Amino acid sequence: MNESWQHGYAHVNGIQLHYVTQGKGPLVILLHGFPEFWYSWRHQIPALAHHFRVVAPDLRGYNDSEKPPGVSSYRVDTLTADVMGLIRVFGEEKAIIIGHDWGGGIAWVFAVEYPQATEKLIVLNCPHPTAFQQHLRSNWRQLRRSWYMFFFQLPWLPEFGIRLNLRWFVEKAFRGMTIRKDVFPDDELQQYAEALQKPGVLTAAINYYRAAFRERVRHGERTFDRITCPTLLIWAEEDTALGKELTSNMEPCFVGRFETRYIPQCGHWVQQEQPELVNQYLFEFLMDGAGCDQSSRM
């Protein structure tokens, strides 16, 4: 573990969130995905801390953050309110929002619901929700890839099965979705296993999927306003859960600057499998550097 980052707790939106922070400067919030915790940003926190105040929370329900009961506690509007509360705890009214996987889903919706609070937006391997809704209607290949989302709708059985085979699940989830298997040594997989073993974590994490499904059934597909802040999408091309085609024709979802950077020969856990390249793209975008060349848009 990096000794220069600090752990803390913040009371936001009626719960207590654990976070790791490092650095000084403009506020950057890093939002992890399933089945992770703040640790998935271990390669980005110290790099970004040279120029920014970085805060990487455990999302509600994960690791050392509070785990409120009930599926409704994990609706996306509640999750975005957590992020807004965290920004205010750090004395700011806006932040740069960076999210991967489920954290990317929260980041997309946050930029829509809190445009005044989103300085810039960066999403890694999570499609814009409008694009994802469209593909779930018509893209049978993606629908098959998303089978686990439907399995997670069952009560208690998914978490029971994962708990019985936790180490196998962790290894399958991480090494099984990478091209470079060596990026997840045993000690790092153990970090994820220990975080998932904490009481209530598995049910809370799966409740994200249950809450999203119930909202869709209850209210139908949601429409989203166009995103107004500068936005970067980083996409690993060999993601076995989310096809590259999900990134097509997303430009109508944005008012201003929108860029996409593709990373070939890389799986879903992009910021962990290719941290140097991801960090390069983050800095190019955040520091208004070279930006995207045309080859990155292939």
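The values are calculated or read from the model by the stated rules, or taken from the named source; none is laboratory data. Every value quoted in this text rests on a predicted model; they were computed, and no experiment measured them. Using ideal geometry, Cβ is built from the backbone for each residue, glycine included, and neighbour counts are taken over all protein chains shown.
Taking each residue of the stretch 258-273 that is without any contact (Cβ under 8 Å) to a residue 60 or more places away in the chain and looking for partners that are part of a loop (DSSP other than H, G, I, E, B) and crowded, with 22+ Cβ neighbours inside 10 Å with beta-carbon atoms closer than 7 Å, six or more apart or interchain, yields I263/Q274. Looking across the stretch 258-298, the residues that are modelled with pLDDT of 95 or more, touching a strand residue (DSSP E or B) at 6+ places or on another chain (Cβ under 7 Å) and not in a helix (DSSP H, G or I) come down to F258, E259, T260, R261, Y262, I263, C266, G267, H268, Q274.
The requirement of being modelled with pLDDT of 95 or more and over 17 Å from the mean Cα position of the chain (by Cα) is not satisfied by K120. Checked against (1) polar (S, T, N, Q); (2) under 22 Å from Q191 (Cβ atoms); (3) in contact with a strand residue (DSSP E or B) (Cβ under 8 Å, 6 or more places away or on another chain), T118 meets all criteria but (2). Of all residues in the stretch 223-240, those being in contact (Cβ under 8 Å) with a residue 60 or more places away in the chain, outside any strand (DSSP E or B) and buried (at least 17 other Cβ atoms within 10 Å of the Cβ) number 3.
Annotation: of all residues in the stretch 247-283 being under 12 Å from T178 (Cα atoms) and among the hydrophobic types (A, V, I, L, M, F, W, C), the one that is farthest from the chain's Cα centre (by Cα) is C266. Among the residues of the stretch 151-173, are any in contact (Cβ under 8 Å) with a residue 12 or more places away in the chain, surrounded by 15 or more Cβ atoms within 10 Å (Cβ to Cβ) and closer than 30 Å to E259 by Cα? Taking every residue of the stretch 151-173 in turn, at least one turns out to be in contact (Cβ under 8 Å) with a residue 12 or more places away in the chain, surrounded by 15 or more Cβ atoms within 10 Å (Cβ to Cβ) and closer than 30 Å to E259 by Cα. Reported count of residues in the stretch 37-63, each being touching a strand residue (DSSP E or B) at 6+ places or on another chain (Cβ under 8 Å) and closer than 26 Å to R75 by Cβ, is 10. The number of residues in the stretch 59-79 being free of Cβ contacts under 8 Å to residues at least 60 places away in the same chain, assigned to a loop (DSSP other than H, G, I, E, B) and of a type in the set (D, E) comes to 1. G25 meets the conditions (1) over 29 Å from R210 (Cβ atoms); (2) of a type in the set (G, A, S); (3) touching a Pro at 6+ places or on another chain (Cβ under 9 Å) in every case but one. The failed one is (3).
For R257, the conditions (1) crowded, with 16+ Cβ neighbours inside 10 Å; (2) touching a Pro at 6+ places or on another chain (Cβ under 7 Å) are fulfilled apart from (1).
When restricted to residues that are farther than 18 Å from A107 by Cβ and either among the charged types (D, E, K, R) or in contact with a helix residue (DSSP H, G or I) (Cβ under 6 Å, 6 or more places away or on another chain) (or both), the stretch 42-64 contains 5. Exactly one of these conditions fails for G220: (1) over 30 Å from D288 (Cα atoms); (2) surrounded by 13 or more Cβ atoms within 10 Å (Cβ to Cβ); (3) among the small types (G, A, S). Give me its number. For G220, the exception is condition (2). Among what's in the stretch 53-77 and is surrounded by fewer than 24 Cβ atoms within 10 Å (Cβ to Cβ) and of a type in the set (A, V, I, L, M, F, W, C), pick the residue that is farthest from the chain's Cα centre (by Cα). For the stretch 53-77, the residue satisfying everything is V71. Report yes if some residue within the stretch 203-214 is modelled with pLDDT under 95 and among the charged types (D, E, K, R); otherwise report no. Looking for residues that are modelled with pLDDT under 95 and among the charged types (D, E, K, R), one finds at least one in the stretch 203-214, hence yes.
So that you can scan it fast, the table gives a plain yes or no per residue for (1) surrounded by fewer than 24 Cβ atoms within 10 Å (Cβ to Cβ); (2) in contact with a Cys (Cβ under 9 Å, 6 or more places away or on another chain); (3) part of a loop (DSSP other than H, G, I, E, B):
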position	(1), (2), (3)
H7	yes, no, no
A10	yes, no, no
L17	no, no, no
G25	yes, no, yes
V28	no, no, no
F34	yes, no, yes
H43	yes, no, yes
P46	yes, no, no
